[in-house]
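Each remark here refers to the structure printed beneath this line.
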Amino acid sequence: MKLKSLAAAMTLAIAGLGSAGAAPVLSIVPAQNQVAVGGAVRVAIVISGLDSASEIVSGFDLNISFNTGALTLSGIDVSTATAVMGGSSTLFGFDTDASDGMVGSDLTSYLTDAQLDALQGDSFTLMLVDFTGLADGVSFLDFGADPDFERLVTGRLDASGFAGVLNLQYTGACVAVGTGSCTQNPIPEPATFGLAGLALLGCGLTRSLTRRREAQVVSAA
C-alpha cells in the first residue's frame, strides 16, 4: 500500500511539474548570432505561449545585460509592442545609458483588459534591440535580476484594480563578434531536474514492485 501511495504521489508531482512548465516564455531571439566587428545585429524580445483565454500583457519593465567590451548599443524599438498594446494609449520610456552594460524599456497600456484581449495573440514581440559589434569576443544577453524593474511583465487587473504579474520562464541569448564563438552548455531548468529525479524514482518503484511480485510467485510455488 505504501508503494502504491508513493506511486500516486509521484504521478501528481509529475503532473504539477508539467503544469509549471506550461508558463509563457520570454525569450531573446535568435538564441545565437554571429556578427563581424563593426557589423549590426538585432535581437527581439518575444513573449510566447500566452493562454489567449486568460493571459494578456498590459505592461512591462525589462532590462537586458550585455558585454560592453564586445557590443555597443545602437537603438531600441518598441513599436511592435505598442501596436498590440494600444498605440497612442501607451506610456513608454527607454534606458539607453549602456555604461553599466544594461539597456531596456518600460511600457504601460491604458487599454482595458477586454481591449487588449482583442489586440493580442498568444505570442508577439515586446522590444527590438540593435547592437553593433565593437571588438572580437562574446556577449551573453540576459534579463536583469530585479523582478520589479528589470524582468517585470504584467497581465490582467486583479480584484483590487492592480495589474497582476505574469509568471514567466526566461531564456537569454549569445552574440559572438568577429573571432568570438558562442558555445552551448545547456543547463537543465529546475523542473527538468525534478522530472529526471521522479523518472528515476519511478524506475525504482517499478523494479521494487516487480521483485515483490516475483517473490510472491516463488512463495506460492
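The values are calculated or read from the model by the stated rules, or taken from the named source; none is laboratory data. All values derive from a computational prediction rather than experimental measurement. Methodologically, a virtual Cβ is constructed for each residue, glycine included, from the backbone with ideal geometry; neighbour enumeration extends over all protein chains shown.
Check off (1) surrounded by fewer than 16 Cβ atoms within 10 Å (Cβ to Cβ); (2) of a type in the set (Gly, Ala, Ser); (3) in contact with a helix residue (DSSP H, G or I) (Cβ under 9 Å, 6 or more places away or on another chain); (4) modelled with pLDDT of 95 or more for Ala44 and give me the number that stays unchecked.
Among (1) surrounded by fewer than 16 Cβ atoms within 10 Å (Cβ to Cβ); (2) of a type in the set (Gly, Ala, Ser); (3) in contact with a helix residue (DSSP H, G or I) (Cβ under 9 Å, 6 or more places away or on another chain); (4) modelled with pLDDT of 95 or more, the lone unmet condition for Ala44 is (1).
Looking at Thr183, Thr179, can you tell me which residue is more than 26 Å from Leu126 (Cβ to Cβ), in contact with a Cys (Cβ under 9 Å, 6 or more places away or on another chain), loosely packed, with under 13 Cβ neighbours inside 10 Å and at pLDDT 50 or above? I'd like the intermediate steps shown before the answer.
Working: Thr179 fails: in contact with a Cys (Cβ under 9 Å, 6 or more places away or on another chain).
None of the other options fit; the residue is Thr183.
Go through Val46, Val84 for me and flag whichever is closer than 30 Å to Thr179 by Cβ and either without any contact (Cβ under 8 Å) to a residue 12 or more places away in the chain or not in a loop (DSSP other than H, G, I, E, B) (or both).
Within the list Val46, Val84, the selection yields Val46.
With respect to Ser88, is the statement that it is loosely packed, with under 15 Cβ neighbours inside 10 Å and either at pLDDT below 95 or over 18 Å from Val138 (Cβ atoms) (or both) true?
So Ser88 passes the test.
Read through the list (1) surrounded by fewer than 17 Cβ atoms within 10 Å (Cβ to Cβ); (2) among the acidic types (Asp, Glu); (3) under 21 Å from Gln169 (Cβ atoms), then give the number of the only condition that Asp61 fails.
In the conditions (1) surrounded by fewer than 17 Cβ atoms within 10 Å (Cβ to Cβ); (2) among the acidic types (Asp, Glu); (3) under 21 Å from Gln169 (Cβ atoms), Asp61 misses (1) alone.
For Val37, only one of the following conditions fails: (1) surrounded by fewer than 20 Cβ atoms within 10 Å (Cβ to Cβ); (2) part of a strand (DSSP E or B). What is its number?
(2)
Does Thr72 qualify as being of a type in the set (S, T, N, Q) and surrounded by fewer than 16 Cβ atoms within 10 Å (Cβ to Cβ)?
Criteria met by Thr72.
Among the residues of region 139-147, is any of a type in the set (Asp, Glu), over 19 Å from the mean Cα position of the chain (by Cα) and on the phi < 0 side of the Ramachandran plot? Steps first, answer last, please.
Taking region 139-147 and keeping what is of a type in the set (Asp, Glu), we get 142, 146.
Remaining after also requiring over 19 Å from the mean Cα position of the chain (by Cα): none.
No.
Just to confirm my filter: which strands (runs of 3 or more DSSP E) fall fully inside region 89-186 and include at least 3 residues that are farther than 22 Å from Gly38 by Cα?
90-95, 102-109, 124-133, 151-157, 163-165, 169-171
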